[in-house]
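The values are calculated or read from the model by the stated rules, or taken from the named source; none is laboratory data. Keep in mind the model is a prediction, meaning the values are calculated, not measured. When we count neighbours, we look across all protein chains shown, and the Cβ atoms used for this are built from the backbone with ideal geometry, even at glycine. Heavy atoms of the whole protein, side chains included, go into the accessibility calculation; ligands, DNA and RNA do not. Shrake-Rupley method; radii C 1.70, N 1.55, O 1.52, S 1.80 Å.
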Amino acid sequence: MSRLRTLNYDAIVIGGGGAGMRAALQLTESGVKTACITKVFPTRSHTVSAQGGITCAIASADPNDDWRWHMYDTVKGSDYIGDQDAIEYMCSVGPQAVFELDHMGLPFSRTEEGRIYQRPFGGQSKGPDDPTQASRTCAAADRTGHALLHALYQGNLKGGTTFLNEWYAVDLVKNQKGDVVGVIAICIETGETVYVKAKATVMATGGAGRIFQSTTNALINTGDGSGMALRAGFPAQDMEMWQFHPTGIYGAGTLVTEGCRGEGGYLINSEGERFMERYAPNAKDLAGRDVVARSMVLEILEGRGCGPDKDHVLLKLDHLGEETLNLRLPGICELSKTFAHVDPVKAPVPVVPTCHYMMGGIPTTIGGEAITQDANGVDQIVNGLYACGEAACVSVHGANRLGGNSLLDLVVFGRAAGLQIEKSIREGISHDDASESDIEMSLSRLDRLNSSTSGESMAEVKAELQKTMQLYFGVFREGESMQKGLKLLDELGERIKNVHLEDKSNAFNTARIEALELENLYEVAYATAVSAEERKESRGAHARNDFTERDDENWLKHSIYFPNEKRVGKRDVNFAPKTVEAFPPKVRSY
Amino acid sequence: MLVSIYRYNPEKDQTPFMEDINIDIPEGKDLMVLDVLHLLKEKDSSVAYRRSCREGVCGSDGLNMNGKNGLACITPLSDVVKKDKLVIRPLPGLPVIRDLVVDMSMFYKQYEKIKPFLINDTPAPAIERLQSPEDREKLDGLYECILCACCSTACPSFWWNPDKFVGPSGLLQAYRFLADSRDTAQDERLADLDDPFSVFRCRGIMNCVSVCPKGLNPTKAIGHIRNMLMQRST
Amino acid sequence: MVASVTSLGRNGLYDWMIQRVSAVVLAAYSVFIIGYLALTPELTYEAWSGLFAGTCMRIFSLLALLCLGAHAWVGLWTISTDYMKATGVRFIFQAACGVVMFAYVAWGILVIWGL
């Protein structure tokens, strides 16, 4: 038919990180003809950088631990805009998903009893009535993400999953009815462009931290899935909610796990004061990440930052002793020596809040089905499109994610999406084929780039975009400055449409991929900006100087951004878990 | 600083060549080699290399820098640059796709050959399979491998027989599963390694140990495998 | 895992052990001979042939000879599989090595046992 070769699958998973590989494994094991399309070899995905662990009530550290306590913590951590049915699902099936990982071979650290080692992480309690710090984060030293990603890849090798490694998905293909029927993808090695046809297309493309100048995210975290969905006209939810991790290494941006504080490390300012005692008298350094990050910025703004420019604070670890550091935090010691030139055994590590995680994303059901709204604001399932992991917004993280919940999100909802697709395919889903012109439409972006003769430099525009986001949409936000930022983004949008691809060669042309990624970054950045400007309150990670209070009356809602109209609507938060009473909104204090 | 970089574009170049480019290094900063590649790519967008995490955990940017394999993202210039010159080549011994990008399929094939997944035929318990801290400790120094291929592509035995010798990285992983108390396929795994090539091509040259960016010791793991093979057969 | 193997022990472990054990025997033999040469001030034909007339010495020599053959075979076979990628060349080289090794061992036996 068209000028492209067509590959045909029942299901395709875009992204070979934790969520994508968990979904692919589920699908392959249940006999669904599946391919996992990934722009890097799977073990190079950003899941590999997760350090501290996977939070889950497996009752190892505390035999009386209860998933409902974990659920309460997550709801509270989300500042009450996490969907409680989804959080209930994640926390209750979590243990099963974690045990599966152990059975798959993940080398968890162990307790004397031979069970999985759990460490304390931020925002963990023993339920609504007992604020005692819990230890609920299952860890493989401080390399949990690496261990998890490799275990999942190994599981997929065992299961016989088909991987299209180093293939880059460019855009979704929609049929005339608006159903998603696959993607256009480039084989990076040869440069061949292919239409990959599928009944179910899963976006497991991870986050987009690279919209900010300073981020813990890998260079590949360019929001490709969100970008593709937005360009195809599908909405994105809670895009204003970006987590700034309290401890990115000053200067380099590399992550230092919250587990450091879980193991007993704490933050100090230039006066050597453990300042978190003032901001969160009970949880101190293990308060929610948004709370700690804001406290750090306030310390710096009030002149108590460290270093010659007084622009960071210090993470003190040396009191833990060399033995503990080497046993529990070996990777941190390595990273700190490499990127901060500091040995944590001897001196504190300079840290600064750094963009870390996208709480928002493609709104989905628990089974990963993408959601949009009709003209009356009623939820509608998008046929053929699914999402899981950081790219999705189920939403279990609401306005602020708790440490260790991202890895749990990956495996629980990767698996759930797999189960849902398996069910749908068994029940028999079929979509109309995409027409020639539908495919051409999805190729237009690529065609424009490939035929560009002059225009903007990719690197320059990208740097400008990242600077704008950092400056106007960072830890603290304010209406007027955000409007200014939006104006700058509008200008940048014009420039991005005009980016020039100098090198038109086919074999492993990374310049082409980077130019395509830039457009995804822009889609995500723009959605973030519009949503942030619209939410006129402070909640979780979204802190506004002009609206400093949480406004439950108007904003106990998801924001939902519609790319075609560039409009932000509201979507109800779920307060109806199935087996427990909902946790009503309360003042959030640690 | 003078950067001499290996260039090859299969669509344009008959043969690979070294291109010399002068790069201004910002003062007072000890850049990583990967930062230099970014600077290079800003000048010439056609330079191809792999990169992802930029913090030494994903294993994308294994390269040969001034003659030694390592990860570009955690190799500071102060460690490698000699006489203000940096020579960057792709990992040796694997086919080059373009510039610094090598075809790693042979390397991955060897990894897949050792069955790099936990095998346990007993029914899984309702919780995790228990493992003592001492048994778990045996996996330290093994599971941390990031599959960057720095070791295998520094190994002469792998250069000569990349299709038959598993190579240091694959063997490190083979031992990672042999040493796992939760794995029950020890005998089957050992039987698969008993031929003259898979394990026994290791001559103890120890290039692998000297280049491993994660400080792991494949030679030691290979020694352990040999001992296990011996115990099994004698 | 790797099929169609024509090494001596028919598997890697035995080849490896053959090399190690034969190396030990050859080392012991060398040390003995060097020691004998050093400790025998006036080495005459009679003393030298007397040494090799004893049954023990003949067995020891035969053992060393066989070890040398095995050691050289495994070593050369390994080297040929490293460096000779063309099957024809490798086959001819290995066949030649085999013939030479056999000839030396047979000739050695003739010499040692004075047949």
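Which helices (runs of 4 or more DSSP H) sit wholly inside the range A:17-125 and have at least 3 residues that are in contact (Cβ under 8 Å) with a residue 60 or more places away in the chain, more than 14 Å from every other protein chain (Cβ to nearest Cβ) and among the small types (Gly, Ala, Ser)?
A:18-29
Within the range A:477-497, work out how many residues are buried (at least 18 other Cβ atoms within 10 Å of the Cβ) and touching a residue at least 60 places away in the same chain (Cβ under 8 Å).
Residues in the range A:477-497 being buried (at least 18 other Cβ atoms within 10 Å of the Cβ) and touching a residue at least 60 places away in the same chain (Cβ under 8 Å): 1 in total.
For the condition open to solvent by less than 50 Å² (accessible area, probe 1.4 Å), at pLDDT below 90 and assigned to a helix (DSSP H, G or I), what is the one hit in C:Ile112, C:Ile33? First the steps, then the outcome.
Values: C:Ile33 fails: at pLDDT below 90.
Just a single option satisfies the conditions, and that option is C:Ile112.
Looking at the range A:461-475, can you tell me whether even one residue there is part of a loop (DSSP other than H, G, I, E, B) and open to solvent by 50 Å² or more (accessible area, probe 1.4 Å)?
no
Within the range B:171-203, count every residue that is more than 9 Å from chain C (Cβ to nearest Cβ), farther than 25 Å from B:Pro133 by Cα and open to solvent by less than 40 Å² (accessible area, probe 1.4 Å).
1
Return the total of residues in the range B:103-117 being within 11 Å of another protein chain (Cβ to nearest Cβ), within 15 Å of the chain's Cα centre (by Cα) and open to solvent by 20 Å² or more (accessible area, probe 1.4 Å).
Residues that pass the stated criteria total 4.
Please work out if B:Lys214 is in contact (Cβ under 8 Å) with a residue 60 or more places away in the chain, under 21 Å from A:Gly145 (Cα atoms), within 14 Å of chain A (Cβ to nearest Cβ) and open to solvent by 10 Å² or more (accessible area, probe 1.4 Å). Spell out the reasoning first.
On the way: in contact (Cβ under 8 Å) with a residue 60 or more places away in the chain: yes; under 21 Å from A:Gly145 (Cα atoms): yes; within 14 Å of chain A (Cβ to nearest Cβ): yes; open to solvent by 10 Å² or more (accessible area, probe 1.4 Å): yes.
It is true that B:Lys214 is in contact (Cβ under 8 Å) with a residue 60 or more places away in the chain, under 21 Å from A:Gly145 (Cα atoms), within 14 Å of chain A (Cβ to nearest Cβ) and open to solvent by 10 Å² or more (accessible area, probe 1.4 Å).
Checking the conditions here, which among C:Ala28, C:Ala47 is modelled with pLDDT under 95, in a helix (DSSP H, G or I) and aliphatic (A, V, I, L, M)? Write out each step before concluding.
Details: C:Ala28 fails: modelled with pLDDT under 95.
Sole residue among the options that is modelled with pLDDT under 95, in a helix (DSSP H, G or I) and aliphatic (A, V, I, L, M): C:Ala47.
Could you go through the range B:97-113 and let me know if any residue there is under 30 Å from A:Ala141 (Cβ atoms), at pLDDT 95 or above and touching a Phe, Trp or Tyr at 6+ places or on another chain (Cβ under 6 Å).
no
Listed residues B:Gly28, B:Gly70; which is small (Gly, Ala, Ser), closer than 30 Å to B:Gly215 by Cβ and more than 25 Å from the chain's Cα centre (by Cα)?
Only one candidate passes the filter, namely B:Gly28.
Checking A:Pro128 against (1) in a helix (DSSP H, G or I); (2) touching a Phe, Trp or Tyr at 6+ places or on another chain (Cβ under 6 Å): exactly one of these is not met. Which one?
The one condition A:Pro128 does not meet is (1).
Results for (1) among the aromatic types (Phe, Trp, Tyr); (2) touching a strand residue (DSSP E or B) at 6+ places or on another chain (Cβ under 6 Å); (3) more than 9 Å from every other protein chain (Cβ to nearest Cβ), shown as yes or no for each residue.
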{"residue": "B:Arg51", "(1), (2), (3)": "no, no, no"}
{"residue": "B:Asp61", "(1), (2), (3)": "no, yes, yes"}
{"residue": "B:Gly70", "(1), (2), (3)": "no, no, yes"}
{"residue": "B:Val101", "(1), (2), (3)": "no, no, no"}
{"residue": "B:Ile119", "(1), (2), (3)": "no, no, no"}
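Quick one: would you say A:Val342 is over 30 Å from A:Phe234 (Cβ atoms) and within 14 Å of chain B (Cβ to nearest Cβ)?
yes
Being of a type in the set (S, T, N, Q) and buried (at least 20 other Cβ atoms within 10 Å of the Cβ) is the filter; apply it to the range A:261-320 and report the residue that is farthest from the chain's Cα centre (by Cα). Give the derivation first.
Quick first cut of the range A:261-320, residues of a type in the set (S, T, N, Q) only: A:269-270, A:282, A:295.
If we keep only those that are buried (at least 20 other Cβ atoms within 10 Å of the Cβ) as well, we get A:269, A:295.
Values: A:Asn269: 29, A:Ser295: 23 Å.
The selected residue is A:Asn269.
Any residue at all in the range B:138-148 that is open to solvent by 50 Å² or more (accessible area, probe 1.4 Å), under 29 Å from C:Met17 (Cα atoms), more than 23 Å from the chain's Cα centre (by Cα) and not aliphatic (A, V, I, L, M)?
no
Within the range A:131-149, track down each residue that is of a type in the set (Val, Ile, Thr), touching a Lys or Arg at 6+ places or on another chain (Cβ under 8 Å) and either facing another protein chain (nearest Cβ under 9 Å) or not in a loop (DSSP other than H, G, I, E, B) (or both). Explain how you work it out, then say what you get.
As a first pass, look at the range A:131-149 and keep what is of a type in the set (Val, Ile, Thr): A:132, A:137, A:144.
Pick out the ones that are also touching a Lys or Arg at 6+ places or on another chain (Cβ under 8 Å) and you get A:132, A:137.
Across the range A:131-149, the qualifying residue is only A:Thr137.
Please state which of the following conditions B:Cys208 fails to meet, knowing it meets all the rest: (1) assigned to a helix (DSSP H, G or I); (2) in contact with a Gly (Cβ under 6 Å, 6 or more places away or on another chain).
Checking B:Cys208 against (1) assigned to a helix (DSSP H, G or I); (2) in contact with a Gly (Cβ under 6 Å, 6 or more places away or on another chain), the one that fails is (2).
Table: residues versus (1) among the hydrophobic types (A, V, I, L, M, F, W, C); (2) touching a Leu at 6+ places or on another chain (Cβ under 8 Å); (3) open to solvent by less than 10 Å² (accessible area, probe 1.4 Å); (4) under 15 Å from A:His431 (Cβ atoms).
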site	(1), (2), (3), (4)
A:Tyr168	no, yes, yes, no
A:Ile184	yes, yes, yes, no
A:Ala218	yes, no, yes, no
A:Ala229	yes, yes, yes, no
A:Asp238	no, no, yes, no
A:Phe244	yes, no, no, no
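Hey, does the range A:302-313 have a residue that's farther than 27 Å from A:Ser395 by Cβ, part of a helix (DSSP H, G or I), in contact (Cβ under 8 Å) with a residue 24 or more places away in the chain and out of contact with any strand residue (DSSP E or B) (no Cβ under 9 Å at 6 or more places or on another chain)?
Keep residues of the range A:302-313 that are farther than 27 Å from A:Ser395 by Cβ, which gives A:302-313.
After this cut, where a residue has to be part of a helix (DSSP H, G or I) as well, the list is none.
Within the range A:302-313 (the criterion being farther than 27 Å from A:Ser395 by Cβ, part of a helix (DSSP H, G or I), in contact (Cβ under 8 Å) with a residue 24 or more places away in the chain and out of contact with any strand residue (DSSP E or B) (no Cβ under 9 Å at 6 or more places or on another chain)), the answer is no, since none of the residues qualifies.
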